[in-house]
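Structure first, commentary second.
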Amino acid sequence: MTTEETVDGSRNRVVIVGHGMAGARLAAELSARLGDAKITVLGAELHRAYNRIMLSSLLAGKVDESGVELAEAAGHGIDVRPGVEVTAVDRAGRTVTTGQGDLIGYDHLVLATGGRALVPPLAGLDRERLPDRVAVFRTLDDCRRILAAAAGARRALVLGGGLLGLEAARGLAARGLDVHVVHPVGHLMERQLDPAAGAVLARTLAALGVTTHLEVAASAVHTRPDGLTLTLTDGRLLDADLLVLSCGVRPDVELARAAGLTVDRGVVVDDRLRTSDPHISAIGDCAQHAGVVTGLVAPAWEQARVLAQVLAGQDPRARYRPQPPVTRLKAAGIDLAAMGDAAAGPAPDVEELSFSDPVRGTYARLRIVGERLTGAIMLGDNPAVGTVIQLFDRGTPVPVDRRTLLLGRSRDSASATPVESPALMPDAATVCQCNTVRKGALVRCWRAGARSLDDVVAATRATTGCGSCRDAVEGILGWLSSIDTPDPVVEAEVAA
Ligand SMILES: Cc1cc2nc3c(=O)[nH]c(=O)nc-3n(C[C@H](O)[C@H](O)[C@H](O)COP(=O)(O)OP(=O)(O)OC[C@H]3O[C@@H](n4cnc5c(N)ncnc54)[C@H](O)[C@@H]3O)c2cc1C
(Lines give C-alpha, C1' and ligand atoms only; values in the text may rest on other atoms or scores of the structure.)
Protein backbone atom coordinates (compact mmCIF):
# COMPACT_ATOMS: atom_id res chain seq x y z
CA MET A 1 0.00 0.00 0.00
CA THR A 2 1.24 3.48 -0.75
CA THR A 3 -0.42 4.83 2.40
CA GLU A 4 -2.98 3.45 4.78
CA GLU A 5 -5.81 4.59 2.54
CA THR A 6 -4.79 4.62 -1.10
CA VAL A 7 -4.11 1.72 -3.43
CA ASP A 8 -1.54 1.44 -6.16
CA GLY A 9 -3.47 -0.16 -9.01
CA SER A 10 -0.53 -2.12 -10.39
CA ARG A 11 0.52 -3.70 -7.08
CA ASN A 12 -2.32 -3.71 -4.59
CA ARG A 13 -5.31 -5.98 -4.41
CA VAL A 14 -8.74 -4.62 -3.62
CA VAL A 15 -11.31 -7.23 -2.62
CA ILE A 16 -14.97 -6.23 -2.61
CA VAL A 17 -17.40 -8.45 -0.70
CA GLY A 18 -20.84 -8.20 -2.31
CA HIS A 19 -21.65 -7.78 -6.01
CA GLY A 20 -24.79 -5.73 -5.53
CA MET A 21 -25.52 -2.16 -6.59
CA ALA A 22 -22.81 -0.63 -4.36
CA GLY A 23 -20.11 -3.26 -4.99
CA ALA A 24 -20.60 -3.20 -8.76
CA ARG A 25 -20.50 0.59 -8.88
CA LEU A 26 -17.33 0.72 -6.77
CA ALA A 27 -15.59 -1.79 -9.04
CA ALA A 28 -16.49 0.33 -12.09
CA GLU A 29 -15.43 3.59 -10.40
CA LEU A 30 -12.10 2.09 -9.28
CA SER A 31 -11.40 0.53 -12.63
CA ALA A 32 -12.08 3.86 -14.36
CA ARG A 33 -9.57 5.57 -12.06
CA LEU A 34 -6.92 2.84 -11.81
CA GLY A 35 -6.84 1.18 -15.23
CA ASP A 36 -4.53 -1.58 -14.02
CA ALA A 37 -6.30 -2.19 -10.74
CA LYS A 38 -6.45 -5.70 -9.32
CA ILE A 39 -10.05 -5.83 -8.19
CA THR A 40 -11.77 -9.01 -7.08
CA VAL A 41 -15.51 -8.92 -6.46
CA LEU A 42 -17.02 -11.83 -4.52
CA GLY A 43 -20.80 -12.08 -4.70
CA ALA A 44 -22.93 -14.61 -2.85
CA GLU A 45 -25.75 -14.41 -5.41
CA LEU A 46 -25.45 -16.63 -8.46
CA HIS A 47 -26.09 -13.74 -10.85
CA ARG A 48 -23.87 -10.82 -11.71
CA ALA A 49 -24.99 -7.53 -10.17
CA TYR A 50 -28.39 -6.29 -11.32
CA ASN A 51 -30.54 -3.24 -10.71
CA ARG A 52 -32.36 -4.31 -7.56
CA ILE A 53 -34.65 -1.29 -7.77
CA MET A 54 -36.05 -2.59 -11.04
CA LEU A 55 -37.28 -5.79 -9.39
CA SER A 56 -40.54 -3.91 -8.72
CA SER A 57 -40.90 -3.33 -12.47
CA LEU A 58 -40.02 -6.98 -13.14
CA LEU A 59 -42.70 -8.10 -10.70
CA ALA A 60 -45.23 -5.80 -12.37
CA GLY A 61 -44.35 -7.22 -15.81
CA LYS A 62 -43.10 -3.86 -17.08
CA VAL A 63 -39.63 -5.24 -17.90
CA ASP A 64 -38.20 -8.71 -18.36
CA GLU A 65 -34.99 -9.95 -16.73
CA SER A 66 -32.83 -8.26 -19.35
CA GLY A 67 -34.35 -4.97 -18.13
CA VAL A 68 -32.75 -5.34 -14.70
CA GLU A 69 -29.18 -5.79 -15.94
CA LEU A 70 -26.67 -3.23 -14.71
CA ALA A 71 -24.35 -1.74 -17.32
CA GLU A 72 -21.35 -1.90 -14.98
CA ALA A 73 -21.98 -5.57 -14.19
CA ALA A 74 -20.19 -6.37 -17.45
CA GLY A 75 -16.95 -5.44 -15.72
CA HIS A 76 -13.80 -3.81 -17.04
CA GLY A 77 -11.19 -6.48 -16.56
CA ILE A 78 -12.45 -6.94 -13.03
CA ASP A 79 -12.38 -10.44 -11.55
CA VAL A 80 -16.03 -11.01 -10.63
CA ARG A 81 -16.88 -14.29 -8.92
CA PRO A 82 -20.63 -14.87 -8.64
CA GLY A 83 -21.85 -17.56 -6.25
CA VAL A 84 -18.91 -17.02 -3.89
CA GLU A 85 -19.87 -16.16 -0.33
CA VAL A 86 -17.24 -14.80 2.04
CA THR A 87 -17.54 -16.60 5.34
CA ALA A 88 -14.72 -15.02 7.39
CA VAL A 89 -12.25 -12.15 7.42
CA ASP A 90 -8.78 -12.55 8.94
CA ARG A 91 -7.77 -8.96 9.61
CA ALA A 92 -4.28 -9.81 10.89
CA GLY A 93 -3.45 -11.97 7.88
CA ARG A 94 -5.48 -9.75 5.47
CA THR A 95 -7.32 -12.62 3.88
CA VAL A 96 -10.94 -13.61 3.39
CA THR A 97 -12.23 -17.17 3.40
CA THR A 98 -14.87 -18.21 0.90
CA GLY A 99 -17.67 -20.73 1.29
CA GLN A 100 -15.65 -23.01 -1.01
CA GLY A 101 -12.78 -22.86 1.50
CA ASP A 102 -10.47 -20.65 -0.61
CA LEU A 103 -8.28 -17.99 1.00
CA ILE A 104 -8.03 -14.70 -0.90
CA GLY A 105 -5.57 -12.03 0.17
CA TYR A 106 -6.30 -8.31 0.11
CA ASP A 107 -4.52 -5.02 0.63
CA HIS A 108 -7.81 -3.18 1.00
CA LEU A 109 -11.12 -4.86 1.72
CA VAL A 110 -14.51 -3.30 1.03
CA LEU A 111 -17.69 -4.64 2.58
CA ALA A 112 -20.70 -4.05 0.33
CA THR A 113 -22.88 -6.79 1.77
CA GLY A 114 -26.16 -4.85 1.57
CA GLY A 115 -29.15 -5.86 3.62
CA ARG A 116 -31.42 -8.83 4.24
CA ALA A 117 -35.19 -8.89 4.28
CA LEU A 118 -36.62 -9.43 7.75
CA VAL A 119 -38.80 -12.49 8.23
CA PRO A 120 -41.27 -11.85 11.07
CA PRO A 121 -41.86 -14.50 13.75
CA LEU A 122 -45.18 -16.04 12.68
CA ALA A 123 -46.51 -19.21 14.24
CA GLY A 124 -46.34 -21.99 11.68
CA LEU A 125 -43.50 -20.42 9.70
CA ASP A 126 -39.98 -21.87 9.56
CA ARG A 127 -38.00 -18.64 9.10
CA GLU A 128 -34.95 -20.48 7.74
CA ARG A 129 -36.90 -22.41 5.07
CA LEU A 130 -39.83 -20.48 3.67
CA PRO A 131 -42.46 -22.62 1.97
CA ASP A 132 -43.01 -22.14 -1.79
CA ARG A 133 -46.06 -19.93 -1.29
CA VAL A 134 -44.28 -17.52 1.09
CA ALA A 135 -41.52 -15.19 -0.07
CA VAL A 136 -39.59 -12.08 0.89
CA PHE A 137 -38.87 -9.46 -1.79
CA ARG A 138 -35.18 -8.58 -1.93
CA THR A 139 -33.36 -10.56 -4.62
CA LEU A 140 -33.87 -11.66 -8.20
CA ASP A 141 -34.41 -15.20 -6.90
CA ASP A 142 -37.12 -13.91 -4.52
CA CYS A 143 -38.76 -12.19 -7.47
CA ARG A 144 -38.67 -15.40 -9.50
CA ARG A 145 -40.24 -17.31 -6.59
CA ILE A 146 -43.03 -14.74 -6.26
CA LEU A 147 -43.70 -14.84 -10.00
CA ALA A 148 -43.76 -18.65 -9.98
CA ALA A 149 -46.25 -18.65 -7.10
CA ALA A 150 -48.30 -15.89 -8.75
CA ALA A 151 -48.75 -17.88 -11.96
CA GLY A 152 -52.24 -19.31 -11.75
CA ALA A 153 -52.89 -17.62 -8.39
CA ARG A 154 -56.01 -15.56 -7.76
CA ARG A 155 -55.31 -13.90 -4.43
CA ALA A 156 -52.09 -12.59 -2.84
CA LEU A 157 -51.39 -11.21 0.61
CA VAL A 158 -48.63 -8.72 1.33
CA LEU A 159 -47.49 -8.30 4.92
CA GLY A 160 -46.22 -4.73 5.33
CA GLY A 161 -47.55 -1.48 3.86
CA GLY A 162 -44.23 0.28 3.47
CA LEU A 163 -42.71 1.33 0.15
CA LEU A 164 -41.56 -2.12 -0.97
CA GLY A 165 -44.73 -3.86 0.19
CA LEU A 166 -46.86 -1.46 -1.82
CA GLU A 167 -44.66 -1.83 -4.90
CA ALA A 168 -45.05 -5.61 -4.62
CA ALA A 169 -48.80 -5.27 -4.07
CA ARG A 170 -49.27 -2.99 -7.08
CA GLY A 171 -47.12 -5.27 -9.22
CA LEU A 172 -49.19 -8.33 -8.35
CA ALA A 173 -52.45 -6.41 -8.84
CA ALA A 174 -51.20 -5.37 -12.29
CA ARG A 175 -50.94 -9.11 -13.04
CA GLY A 176 -54.63 -9.48 -12.27
CA LEU A 177 -54.41 -10.82 -8.70
CA ASP A 178 -56.75 -9.74 -5.93
CA VAL A 179 -54.21 -8.27 -3.48
CA HIS A 180 -54.61 -7.57 0.24
CA VAL A 181 -52.04 -5.62 2.25
CA VAL A 182 -51.89 -6.16 6.01
CA HIS A 183 -50.18 -3.32 7.86
CA PRO A 184 -49.82 -3.05 11.66
CA VAL A 185 -49.81 0.77 11.71
CA GLY A 186 -52.80 3.12 11.32
CA HIS A 187 -51.78 4.37 7.86
CA LEU A 188 -49.63 3.24 4.93
CA MET A 189 -45.97 4.25 4.53
CA GLU A 190 -45.98 5.92 7.94
CA ARG A 191 -42.27 6.71 7.74
CA GLN A 192 -42.82 8.94 4.73
CA LEU A 193 -46.50 9.95 4.85
CA ASP A 194 -48.87 11.67 7.26
CA PRO A 195 -52.25 9.97 7.97
CA ALA A 196 -54.14 12.09 5.41
CA ALA A 197 -51.73 11.15 2.61
CA GLY A 198 -51.88 7.52 3.73
CA ALA A 199 -55.67 7.59 3.44
CA VAL A 200 -55.58 9.06 -0.09
CA LEU A 201 -53.00 6.46 -1.08
CA ALA A 202 -55.14 3.62 0.31
CA ARG A 203 -58.08 4.90 -1.73
CA THR A 204 -55.99 5.07 -4.90
CA LEU A 205 -54.72 1.54 -4.28
CA ALA A 206 -58.25 0.25 -3.75
CA ALA A 207 -59.19 1.53 -7.20
CA LEU A 208 -56.23 -0.44 -8.58
CA GLY A 209 -57.26 -3.74 -6.94
CA VAL A 210 -55.32 -3.53 -3.65
CA THR A 211 -57.29 -3.75 -0.40
CA THR A 212 -55.59 -2.54 2.78
CA HIS A 213 -56.10 -3.86 6.32
CA LEU A 214 -54.67 -1.30 8.74
CA GLU A 215 -53.77 -1.37 12.42
CA VAL A 216 -53.71 -5.13 12.54
CA ALA A 217 -50.78 -7.54 12.66
CA ALA A 218 -50.44 -11.14 11.53
CA SER A 219 -49.86 -13.82 14.15
CA ALA A 220 -49.72 -17.12 12.26
CA VAL A 221 -49.61 -18.64 8.81
CA HIS A 222 -50.78 -22.05 7.78
CA THR A 223 -49.72 -23.30 4.36
CA ARG A 224 -51.38 -26.16 2.46
CA PRO A 225 -50.66 -27.68 -0.95
CA ASP A 226 -53.52 -25.64 -2.43
CA GLY A 227 -53.08 -22.32 -0.59
CA LEU A 228 -52.45 -20.64 2.74
CA THR A 229 -54.30 -18.93 5.57
CA LEU A 230 -52.98 -15.92 7.47
CA THR A 231 -54.31 -15.37 10.97
CA LEU A 232 -54.61 -11.74 12.06
CA THR A 233 -54.35 -10.57 15.66
CA ASP A 234 -58.01 -9.46 15.60
CA GLY A 235 -59.01 -13.05 14.88
CA ARG A 236 -59.72 -12.69 11.16
CA LEU A 237 -58.47 -15.38 8.77
CA LEU A 238 -57.34 -14.36 5.28
CA ASP A 239 -57.02 -17.06 2.61
CA ALA A 240 -54.68 -16.65 -0.34
CA ASP A 241 -52.49 -18.49 -2.82
CA LEU A 242 -49.37 -16.47 -2.04
CA LEU A 243 -47.89 -14.40 0.82
CA VAL A 244 -45.17 -11.76 0.32
CA LEU A 245 -43.37 -10.68 3.49
CA SER A 246 -42.28 -7.05 3.31
CA CYS A 247 -41.44 -6.29 6.91
CA GLY A 248 -38.23 -4.30 6.61
CA VAL A 249 -34.58 -4.77 5.77
CA ARG A 250 -31.70 -5.28 8.19
CA PRO A 251 -28.11 -4.35 7.23
CA ASP A 252 -26.04 -7.49 6.64
CA VAL A 253 -23.32 -7.03 9.28
CA GLU A 254 -22.56 -10.58 10.42
CA LEU A 255 -19.22 -10.80 8.62
CA ALA A 256 -18.10 -7.44 10.02
CA ARG A 257 -19.26 -8.30 13.51
CA ALA A 258 -17.45 -11.65 13.47
CA ALA A 259 -14.29 -9.86 12.28
CA GLY A 260 -14.44 -7.58 15.31
CA LEU A 261 -15.22 -4.36 13.43
CA THR A 262 -17.31 -1.70 15.15
CA VAL A 263 -20.94 -2.46 14.34
CA ASP A 264 -24.06 -0.68 15.50
CA ARG A 265 -27.14 -1.12 13.30
CA GLY A 266 -24.74 -1.09 10.35
CA VAL A 267 -20.95 -1.27 9.98
CA VAL A 268 -19.80 2.04 11.41
CA VAL A 269 -17.84 4.18 8.89
CA ASP A 270 -16.38 7.69 8.89
CA ASP A 271 -16.58 10.37 6.18
CA ARG A 272 -14.00 8.44 4.13
CA LEU A 273 -16.09 5.26 4.46
CA ARG A 274 -13.41 3.68 6.65
CA THR A 275 -14.46 1.15 9.26
CA SER A 276 -12.69 0.80 12.61
CA ASP A 277 -9.92 -1.00 10.63
CA PRO A 278 -8.17 1.42 8.21
CA HIS A 279 -7.68 -1.42 5.70
CA ILE A 280 -11.40 -2.14 5.53
CA SER A 281 -14.15 0.14 4.20
CA ALA A 282 -17.90 -0.36 4.01
CA ILE A 283 -20.46 1.16 1.62
CA GLY A 284 -24.12 0.82 0.72
CA ASP A 285 -26.95 -0.69 2.74
CA CYS A 286 -24.56 -2.42 5.20
CA ALA A 287 -22.81 0.82 6.21
CA GLN A 288 -23.78 3.23 8.96
CA HIS A 289 -22.53 6.78 8.52
CA ALA A 290 -23.20 9.48 11.11
CA GLY A 291 -25.67 7.18 12.83
CA VAL A 292 -27.68 6.56 9.65
CA VAL A 293 -28.20 3.41 7.58
CA THR A 294 -29.87 4.53 4.38
CA GLY A 295 -31.26 1.57 2.42
CA LEU A 296 -31.29 3.67 -0.75
CA VAL A 297 -29.25 3.57 -3.91
CA ALA A 298 -28.30 7.26 -4.26
CA PRO A 299 -26.21 7.27 -1.06
CA ALA A 300 -24.76 3.82 -1.94
CA TRP A 301 -23.57 5.09 -5.32
CA GLU A 302 -22.27 8.35 -3.88
CA GLN A 303 -20.34 6.37 -1.25
CA ALA A 304 -18.88 4.19 -4.03
CA ARG A 305 -17.75 7.33 -5.89
CA VAL A 306 -16.18 8.92 -2.82
CA LEU A 307 -14.43 5.69 -1.77
CA ALA A 308 -13.01 5.24 -5.28
CA GLN A 309 -11.62 8.79 -5.11
CA VAL A 310 -10.12 8.11 -1.68
CA LEU A 311 -8.59 4.75 -2.63
CA ALA A 312 -7.26 6.01 -5.96
CA GLY A 313 -5.60 8.87 -4.09
CA GLN A 314 -7.13 11.34 -6.55
CA ASP A 315 -8.61 13.69 -4.03
CA PRO A 316 -7.30 13.43 -0.48
CA ARG A 317 -10.09 15.74 0.62
CA ALA A 318 -12.88 13.56 -0.78
CA ARG A 319 -15.50 13.01 1.91
CA TYR A 320 -18.96 11.48 1.90
CA ARG A 321 -21.57 14.17 2.61
CA PRO A 322 -25.08 12.72 2.83
CA GLN A 323 -27.93 14.46 1.03
CA PRO A 324 -31.49 14.35 2.36
CA PRO A 325 -33.22 11.55 0.45
CA VAL A 326 -36.34 11.78 -1.68
CA THR A 327 -38.57 8.69 -1.69
CA ARG A 328 -40.57 7.85 -4.81
CA LEU A 329 -43.05 5.04 -5.22
CA LYS A 330 -42.54 3.26 -8.53
CA ALA A 331 -45.96 1.77 -9.05
CA ALA A 332 -48.02 2.17 -12.22
CA GLY A 333 -51.00 4.47 -11.64
CA ILE A 334 -49.52 6.04 -8.50
CA ASP A 335 -47.30 9.13 -8.53
CA LEU A 336 -45.79 9.67 -5.11
CA ALA A 337 -42.78 11.62 -3.92
CA ALA A 338 -42.06 12.20 -0.23
CA MET A 339 -39.12 13.99 1.34
CA GLY A 340 -37.78 15.43 4.57
CA ASP A 341 -39.94 15.76 7.68
CA ALA A 342 -43.25 15.67 5.79
CA ALA A 343 -44.70 12.96 8.02
CA ALA A 344 -44.10 15.03 11.17
CA GLY A 345 -46.96 16.68 13.02
CA PRO A 346 -47.55 20.43 13.44
CA ALA A 347 -44.81 22.40 15.20
CA PRO A 348 -44.30 26.05 16.14
CA ASP A 349 -42.48 28.09 13.46
CA VAL A 350 -43.36 25.54 10.78
CA GLU A 351 -45.65 26.82 8.03
CA GLU A 352 -47.82 23.91 6.93
CA LEU A 353 -49.88 23.83 3.77
CA SER A 354 -51.87 20.97 2.40
CA PHE A 355 -54.33 20.23 -0.35
CA SER A 356 -56.37 17.07 -0.59
CA ASP A 357 -58.65 15.76 -3.33
CA PRO A 358 -59.18 12.09 -2.42
CA VAL A 359 -61.59 11.46 -5.30
CA ARG A 360 -58.87 12.33 -7.80
CA GLY A 361 -56.18 10.66 -5.68
CA THR A 362 -54.36 13.94 -5.16
CA TYR A 363 -52.69 15.16 -2.00
CA ALA A 364 -49.94 17.67 -1.42
CA ARG A 365 -48.33 18.77 1.81
CA LEU A 366 -45.54 21.28 2.28
CA ARG A 367 -43.63 22.10 5.43
CA ILE A 368 -41.77 25.38 5.26
CA VAL A 369 -39.39 26.92 7.77
CA GLY A 370 -37.91 30.35 7.03
CA GLU A 371 -39.08 30.22 3.37
CA ARG A 372 -37.37 26.86 2.81
CA LEU A 373 -38.97 23.47 2.32
CA THR A 374 -38.13 21.05 5.10
CA GLY A 375 -40.51 18.36 3.89
CA ALA A 376 -43.11 17.63 1.24
CA ILE A 377 -45.52 14.95 0.11
CA MET A 378 -46.72 15.04 -3.47
CA LEU A 379 -49.27 12.34 -4.27
CA GLY A 380 -51.16 12.10 -7.55
CA ASP A 381 -50.82 14.09 -10.70
CA ASN A 382 -49.12 17.37 -9.75
CA PRO A 383 -46.92 19.01 -12.40
CA ALA A 384 -44.95 20.84 -9.68
CA VAL A 385 -43.36 17.68 -8.27
CA GLY A 386 -40.00 18.23 -10.01
CA THR A 387 -39.89 21.85 -8.81
CA VAL A 388 -40.70 20.78 -5.25
CA ILE A 389 -37.90 18.19 -5.28
CA GLN A 390 -35.46 20.80 -6.57
CA LEU A 391 -36.46 23.36 -3.95
CA PHE A 392 -36.03 20.74 -1.24
CA ASP A 393 -32.76 19.47 -2.66
CA ARG A 394 -31.13 22.85 -3.04
CA GLY A 395 -32.67 24.63 -0.07
CA THR A 396 -33.72 27.59 -2.21
CA PRO A 397 -36.62 29.87 -1.12
CA VAL A 398 -40.13 28.77 -2.05
CA PRO A 399 -42.33 31.00 -4.26
CA VAL A 400 -44.45 33.66 -2.57
CA ASP A 401 -47.55 32.09 -4.14
CA ARG A 402 -47.45 28.64 -2.57
CA ARG A 403 -50.30 27.46 -4.84
CA THR A 404 -47.81 27.05 -7.67
CA LEU A 405 -46.36 24.16 -5.66
CA LEU A 406 -49.46 22.80 -3.96
CA LEU A 407 -51.64 22.76 -7.07
CA GLY A 408 -49.13 23.10 -9.88
CA ARG A 409 -50.95 26.27 -10.96
CA SER A 410 -49.57 29.73 -11.40
CA ARG A 411 -51.26 32.65 -9.65
CA ASP A 412 -52.57 34.35 -12.77
CA SER A 413 -53.84 31.31 -14.56
CA ALA A 414 -57.23 29.74 -14.14
CA SER A 415 -56.05 26.60 -15.87
CA ALA A 416 -53.37 24.25 -14.65
CA THR A 417 -50.03 25.57 -15.80
CA PRO A 418 -46.98 23.42 -15.38
CA VAL A 419 -44.49 25.37 -13.32
CA GLU A 420 -41.61 23.31 -14.65
CA SER A 421 -39.81 24.07 -17.85
CA PRO A 422 -36.31 22.90 -18.73
CA ALA A 423 -35.50 26.46 -19.75
CA LEU A 424 -36.34 27.79 -16.28
CA MET A 425 -34.61 24.99 -14.41
CA PRO A 426 -31.29 26.13 -12.90
CA ASP A 427 -28.14 24.29 -14.01
CA ALA A 428 -27.58 23.09 -10.43
CA ALA A 429 -30.97 21.31 -10.30
CA THR A 430 -30.56 17.56 -9.70
CA VAL A 431 -32.43 15.73 -12.46
CA CYS A 432 -31.38 12.14 -11.71
CA GLN A 433 -31.53 11.67 -7.94
CA CYS A 434 -30.02 8.16 -7.95
CA ASN A 435 -26.85 9.22 -9.77
CA THR A 436 -26.85 12.90 -8.71
CA VAL A 437 -26.85 14.17 -12.31
CA ARG A 438 -27.61 17.88 -12.58
CA LYS A 439 -29.19 19.74 -15.46
CA GLY A 440 -25.84 21.49 -16.11
CA ALA A 441 -24.16 18.10 -16.69
CA LEU A 442 -26.83 17.16 -19.26
CA VAL A 443 -26.39 20.50 -21.04
CA ARG A 444 -22.60 20.08 -21.10
CA CYS A 445 -23.02 16.57 -22.44
CA TRP A 446 -25.25 17.90 -25.25
CA ARG A 447 -22.75 20.64 -26.06
CA ALA A 448 -20.01 17.99 -26.22
CA GLY A 449 -21.93 16.30 -29.02
CA ALA A 450 -24.32 13.80 -27.38
CA ARG A 451 -27.58 13.89 -29.33
CA SER A 452 -29.60 10.85 -28.25
CA LEU A 453 -30.88 9.65 -24.89
CA ASP A 454 -28.53 6.66 -25.15
CA ASP A 455 -25.51 8.96 -25.65
CA VAL A 456 -26.46 11.05 -22.64
CA VAL A 457 -27.12 8.00 -20.47
CA ALA A 458 -23.76 6.50 -21.44
CA ALA A 459 -21.95 9.72 -20.54
CA THR A 460 -23.76 10.63 -17.31
CA ARG A 461 -25.54 7.44 -16.08
CA ALA A 462 -28.74 9.53 -15.70
CA THR A 463 -31.90 7.31 -15.66
CA THR A 464 -29.96 4.12 -14.77
CA GLY A 465 -31.21 3.93 -11.17
CA CYS A 466 -34.96 3.94 -10.50
CA GLY A 467 -35.59 5.44 -13.96
CA SER A 468 -38.20 7.93 -12.72
CA CYS A 469 -36.22 10.86 -14.21
CA ARG A 470 -36.44 9.51 -17.77
CA ASP A 471 -39.21 11.92 -18.82
CA ALA A 472 -37.31 14.86 -17.31
CA VAL A 473 -34.09 13.92 -19.13
CA GLU A 474 -35.99 13.50 -22.40
CA GLY A 475 -37.67 16.87 -21.78
CA ILE A 476 -34.30 18.56 -21.36
CA LEU A 477 -32.96 16.91 -24.52
CA GLY A 478 -36.09 18.01 -26.40
CA TRP A 479 -35.62 21.56 -25.17
CA LEU A 480 -31.92 21.55 -26.10
CA SER A 481 -32.69 20.26 -29.57
CA SER A 482 -35.39 22.94 -30.04
CA ILE A 483 -33.04 25.79 -29.11
CA ASP A 484 -30.31 24.29 -31.29
CA THR A 485 -32.64 24.03 -34.31
CA PRO A 486 -32.72 27.24 -36.38
CA ASP A 487 -36.21 28.76 -36.44
CA PRO A 488 -37.26 28.84 -40.18
CA VAL A 489 -39.26 32.05 -39.71
CA VAL A 490 -36.31 33.89 -38.16
CA GLU A 491 -34.02 32.44 -40.87
CA ALA A 492 -36.33 33.72 -43.59
CA GLU A 493 -36.53 37.18 -41.99
CA VAL A 494 -32.75 37.34 -41.70
CA ALA A 495 -32.39 36.24 -45.34
CA ALA A 496 -34.84 38.95 -46.47
C1 LIG B 1 -37.72 -4.36 -4.76
C2 LIG B 1 -36.79 -3.24 -4.34
C3 LIG B 1 -37.05 -1.94 -4.78
C4 LIG B 1 -36.21 -0.90 -4.38
N5 LIG B 1 -36.47 0.37 -4.83
C6 LIG B 1 -35.63 1.36 -4.49
C7 LIG B 1 -35.85 2.69 -5.00
O8 LIG B 1 -36.82 2.96 -5.70
N9 LIG B 1 -34.95 3.66 -4.68
C10 LIG B 1 -33.85 3.39 -3.91
O11 LIG B 1 -33.05 4.29 -3.67
N12 LIG B 1 -33.63 2.15 -3.41
C13 LIG B 1 -34.48 1.14 -3.68
N14 LIG B 1 -34.25 -0.11 -3.18
C15 LIG B 1 -33.06 -0.32 -2.31
C16 LIG B 1 -31.79 -0.51 -3.14
O17 LIG B 1 -31.97 -1.60 -4.00
C18 LIG B 1 -30.61 -0.72 -2.22
O19 LIG B 1 -30.41 0.48 -1.49
C20 LIG B 1 -29.34 -1.06 -2.98
O21 LIG B 1 -29.49 -2.28 -3.66
C22 LIG B 1 -28.15 -1.15 -2.00
O23 LIG B 1 -27.03 -1.68 -2.66
P24 LIG B 1 -25.97 -2.60 -1.87
O25 LIG B 1 -24.97 -3.00 -2.87
O26 LIG B 1 -25.56 -1.92 -0.62
O27 LIG B 1 -26.81 -3.87 -1.40
P28 LIG B 1 -27.38 -5.03 -2.31
O29 LIG B 1 -27.84 -4.51 -3.62
O30 LIG B 1 -28.33 -5.76 -1.45
O31 LIG B 1 -26.13 -5.98 -2.59
C32 LIG B 1 -25.44 -6.66 -1.58
C33 LIG B 1 -24.88 -7.93 -2.18
O34 LIG B 1 -23.92 -8.47 -1.28
C35 LIG B 1 -24.05 -9.88 -1.29
N36 LIG B 1 -23.45 -10.42 -0.06
C37 LIG B 1 -23.89 -10.27 1.21
N38 LIG B 1 -23.06 -10.93 2.05
C39 LIG B 1 -22.09 -11.48 1.30
C40 LIG B 1 -20.96 -12.29 1.61
N41 LIG B 1 -20.65 -12.62 2.86
N42 LIG B 1 -20.19 -12.71 0.59
C43 LIG B 1 -20.46 -12.37 -0.70
N44 LIG B 1 -21.53 -11.62 -1.04
C45 LIG B 1 -22.33 -11.17 -0.05
C46 LIG B 1 -25.54 -10.08 -1.37
O47 LIG B 1 -25.85 -11.39 -1.81
C48 LIG B 1 -25.93 -9.02 -2.39
O49 LIG B 1 -25.87 -9.51 -3.70
C50 LIG B 1 -35.08 -1.17 -3.54
C51 LIG B 1 -34.84 -2.47 -3.09
C52 LIG B 1 -35.70 -3.50 -3.48
C53 LIG B 1 -35.43 -4.90 -2.98
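In table form, for the structure just shown:
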| read-out | value |
| --- | --- |
| Estimated distance in nm for a label pair at residue 237 and residue 265, the labels positioned 7 Å out from Cα along Cα-to-Cβ | 3.8 nm |
| Cα-based convex hull volume of the chain per residue, rounded to whole Å³ | 178 Å³ |
| Calculated SAXS-style log₁₀ I(q)/I(0) at q = 0.12, 0.18 Å⁻¹ - segment 20-97, Debye, Cα scatterers | -0.41, -0.80 |
| Rounded to the nearest 20 debye, dipole of segment 285-410 from Cβ charges on Lys, Arg, Asp, Glu | 220 debye |
| Globularity index of segment 296-453, i.e. its alpha-carbon radius of gyration over 2.2 N^0.38 Å | 1.17 |
| Among 47, 246, 325 the positive-end extreme of the charge dipole of the chain (Cβ point charges) | 246 |
| Protein-only accessible surface order, largest first, of 330, 38 at 1.4 Å | 38, 330 |
| Whole-Å semi-axes of segment 211-274's equivalent ellipsoid (Cα gyration tensor) | 39, 14, 10 |
| Residue among 292, 211, 222 farthest towards the positive dipole end of the chain, charges placed on Cβ | 222 |
| Surrounding net charge for residue 258, when Lys and Arg each add one and Asp and Glu each subtract one, Cβ distance under 15 Å | -3 |
| Size of charge dipole - segment 209-364 - debye, nearest 20, with Cβ of Lys, Arg +1 and Asp, Glu -1, no other charges | 540 debye |
| Translational diffusion of segment 1-140, µm² s⁻¹ [Kirkwood Rh, Cα pairs; Stokes-Einstein; 4 °C; 1.567 mPa s] | 78 µm²/s |
| DSSP bridge pairs, the chain: antiparallel proportion in percent, nearest 5 | 60 percent |
| Value of D in µm² per second that Stokes-Einstein yields for segment 84-142, Kirkwood Rh from Cα pairs, at 37 °C (0.692 mPa s) | 228 µm²/s |
| Equivalent ellipsoid semi-axes - Cα gyration tensor, segment 211-320, angstrom | 42, 15, 12 |
| Difference of contour (0.36 nm per residue) and Cα-Cα distance, residue 151 to residue 47 | 35.1 nm |
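The values are calculated or read from the model by the stated rules, or taken from the named source; none is laboratory data. The structure displayed is predicted, hence computed values, not measured ones. Counting neighbours? That spans all protein chains shown, and the Cβs are built from the backbone with ideal geometry, glycine included. Surface areas here come from the heavy atoms of the whole protein model, side chains and all, with no ligands, DNA or RNA. Shrake-Rupley method; radii C 1.70, N 1.55, O 1.52, S 1.80 Å.
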